1. So which residues in segment 87-134 are within 26 Å of P47 (Cα to Cα), touching a residue at least 12 places away in the same chain (Cβ under 8 Å) and part of a loop (DSSP other than H, G, I, E, B), if there are any at all?
2. Would you confirm whether or not segment 87-100 contains a residue that is over 24 Å from T34 (Cβ atoms) and not basic (K, R)?
3. Among the residues of segment 92-119, write down those that are farther than 22 Å from K30 by Cβ and surrounded by 13 or more Cβ atoms within 10 Å (Cβ to Cβ).
Amino acid sequence: MKFYPGNSDLWNDTLDELWNRNGYTNSEMKTDITEVNGEYVLEVALPGVKKEDIRIELDQGYLTIAASRHHHPSTANGHMIHQERYVGKMSRSFYVGDSLTEEYVKASYENGELTLRFPKEIKVVPEKKHISID
């Protein structure tokens with residue numbers, strides 16, 4: 001299985017940073033990917049995001065991580081003067097291949113860090129078929 005980060009080539013990252021075309025920059029979902037003992041480990045920084053606001057999906061070989069961050073004002077009567085922290089929805093997609101299914105993916109979330117683990121190689125065992133004789 002090959003692992004290809006979606007929307008992560010140099011050109012797209014540069015455009016995202018310059019024009020912020022997705023409403024956020026990839027810096028909001030910094031991701032480290034390592035290969036350890038025959039499995040991939042993704043560590044995604046999601047500070048300020050609650051566990052219930054994270055959604056992970058597998059669809060047609062793509063692993064998509066979506067999250068939303070909500071603003072909580074410090075005073076009930078105050079007005080925001082300057083805001084640098086991102087508030088809203090964000091997502092990242094990675095091509096992981098068609099053989100990966102949800103039962104192979106292990107996810108955990110602690111202290112603003114989402115960790116996903118799944119095997120690098122998945123052996124597909126052919127299903128035994130019975131052939132009838134006419």
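1. V87, V96, V105, G112
2. yes
3. Those that are farther than 22 Å from K30 by Cβ and surrounded by 13 or more Cβ atoms within 10 Å (Cβ to Cβ): G97, D98, S99, L100, Y104, P119.
Just so you know, all these numbers are worked out from the coordinates, no wet-lab data involved. Model, not experiment: these values are computed from the prediction. As a convention, Cβ positions derive from the backbone with ideal geometry for all residues, glycine included, and neighbour counts pool all protein chains shown.
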